[in-house]
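A short write-up of the structure that comes next.
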Amino acid sequence: VELSNQIAAGEVIERPASVVKELVENSIDAQATQVLITVKQSGIKSIEINDNGVGIAADDVEIAFQPHTTSKISTDHDLFNVKTLGFRGEALASIASVSRLTVVTSTDGKSAVRAEFAGNTLLNKETHARSIGTTIKVEDLFFNTPARLKYVKSLHTELNKIVDIVDRLAMGHPEISFRLIHEGKDIVWTSGNSNLQQTIAGIYGRTIASHMMEFENSDEDYTIKGYFSKPDTTRSNRSYISLILNGRYIRNYQLANAVIRGYGSKLMVGRFPIAVIDIGLDPSLVDINVHPTKQEVRLTNEGHIADLISEGIKAKLSTQNL
Ligand code: ADP
Ligand code: MG
């Protein structure tokens, strides 16, 4: 069982950021309104995710860590679940198989259970106390798979990947407060008050967020809203252009280009804006089958959405004396 979990883990858990992604997505699924992520040594030493979600029932704790077990409806046709379909019910088992993992969880805020796993073996299970929610601590990631550990890049790269994941999840969920602490330092801390601009402030800082411009350009089928930096606040790469589609961070080259196009000649060559674009549409208008494991999403009428974005930004910029 352990071996097959490690093989499965090879697909899902390739680095510390994958652990953060899977665990935070579980917290979101558990209806948490607050998610605290505490990381040491870029996640190699430890990753702790603390949420105030619904918790795991004491009797279900071992089951949750078995491969292929999920409490979530498997017939769910929500297109955004398609990309994680292959990993359904595998994340906890996979993570536990390549780390030392401790879970403390409570469904009622009175009784809690604490369980310890090492390489998927349950070492200990005891009653505990905590408020409603779940804390999962992952230590010594890849301690039993030295080959995997070798693939982990520099601590700097790994931390950036973690920050990236948290940024994206936070942007897609302004209604949840995310806090990321690395080595005692706050990196991300969003308000969770549903305000996208304040969420951006928790990610890029108040100064940048407060200088961003807001736009909206919707029609019957598409709701396009967002914030973008003035042409004097730019970056040397396009990774600061974020696209949120129905609450999910996506990658789409054409739509990111549309943001840049909206600036026209106001943007210096080789410079890219900071932008967060929130796209709302009927899920049937999305085709996710292009790259199911990547975030690249194909959209019906992509050109039209791109136009709404670039026209919206262009119109807003033309009203300003910049
Ligand atoms: P999946 O998310 O695909 O169901 P996972 O292995 O990630 O599979 O999780 C297994 C199960 O453990 C989930 O279906 C859920 O019931 C439970 N679970 C995991 N994390 C949490 C959490 N933070 N809060 C509540 N339940 C959780
Ligand atoms: Mg999961």
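The values are calculated or read from the model by the stated rules, or taken from the named source; none is laboratory data. These figures come from a predicted structure and were not determined experimentally. Cβ coordinates were reconstructed from backbone atoms using ideal geometry, including for glycine residues, and neighbour counts include every protein chain displayed. In case anyone asks, the SASA skips ligands and DNA or RNA and just uses the protein heavy atoms, side chains included. Shrake-Rupley method; radii C 1.70, N 1.55, O 1.52, S 1.80 Å.
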Could you run the Karplus curve 6.51 cos²θ - 1.76 cosθ + 1.60 with θ = phi - 60° over region 188-193 and give me ³J(HN,Hα) per residue in whole Hz, x for Gly and Pro? 10, 7, 9, 6, x, 9
The chain - accessible surface per residue (Å², probe 1.4 Å): 48
Mean residue ellipticity (222 nm) of the chain, computed from DSSP H runs ≥ 4 via -39,500 (n - 2.57), nearest 500: -9500 deg cm²/dmol
Anisotropy class of region 196-237 from Cα gyration tensor, a/c 1.5 cut: prolate
Return the lysines within reach of Lys21: Cα separation strictly under 27 angstrom, same-chain partners fewer than 8 residues apart disregarded; answer none if there are no such residues. Lys40, Lys45, Lys72, Lys83, Lys125, Lys137, Lys150, Lys153, Lys161, Lys185, Lys225, Lys294
How long is the gain from Val269 to Thr233 if the chain were fully straight, where each residue apart is worth 0.36 nm and the alpha carbon distance is subtracted? 11.6 nm
Dipole of the chain [Lys/Arg +1, Asp/Glu -1 at C-beta], most positive-end residue of Ala64, Tyr204, Met171: Tyr204
Which residues does a label at Asp287 reach in region 257-272, if reach means a backbone N under 20 Å from a point 7 Å past the Cα toward the Cβ? 257-258
Under Karplus coefficients 6.51, -1.76 and 1.60, residue-wise ³J(HN,Hα) of region 41-51 in Hz, glycine/proline x: 6, 6, x, 5, 6, 7, 9, 10, 10, 10, 10
Cα convex hull of region 210-313, projected area averaged across orientations, nm²: 6.4
Under the rule a/c < 1.5 gives rounded, and otherwise a/b versus b/c splits prolate from oblate, where does region 128-275 land using the Cα gyration tensor? prolate
Rounded, prolate or oblate: which one fits region 2-189, using the alpha carbon gyration tensor with axes a ≥ b ≥ c (rounded when a/c is under 1.5, else prolate when a/b beats b/c, else oblate)? rounded
So who's got an amide H within less than 5 Å of the one on Val188, skipping anything under 5 residues away but keeping other chains? H placed 1.01 Å off N, in plane. Leu180
Two-site FRET efficiency, Ser111 against Gln31, from Cβ-Cβ distance with R₀ of 22 Å, rounded to 0.05: 0.65
Give me, ordered by chain and number, the residues 5 or more places off Ile132 or on other chains with an amide H under 5 Å from its own placed amide H. Gly109
By per-residue mean of other Cβ atoms within 10 Å, what is the highest-first order of 27-37, 170-180? 170-180, 27-37
The long-range amide H neighbours of Leu245, using H built 1.01 Å from N in the peptide plane and a cut-off of under 5 Å, are Ile250, Ile279
What are the ³J(HN,Hα) couplings of region 201-209, residue after residue, when phi is run through the Karplus curve with 6.51, -1.76, 1.60 and θ = phi - 60°? Round to Hz, x for glycine and proline. 4, x, 9, 9, x, 5, 4, 4, 4
State the extension gain, in nm to one decimal, for the chain segment bounded by Ala147 and Thr121, taking 0.36 nm per residue of separation less the distance between their alpha-carbons. 7.3 nm
At q = 0.22 Å⁻¹, what log₁₀ I(q)/I(0) does region 94-193 have when each alpha carbon counts as one equal point scatterer in the Debye sum? -1.17
Dimensions (Å) - the chain, Cα atoms, principal axes, largest first: 64, 42, 41
Using a Förster distance of 35 Å, how high is the FRET efficiency between Lys45 and Gln198, based on the Cβ-Cβ distance and rounded to 0.05? 0.65
Note the angle between two axes, namely the Cα long axis of helix 302-318 and the longest principal axis of the Cα atoms of the chain, as a number of degrees from 0 to 90, rounded to the nearest 10. 60
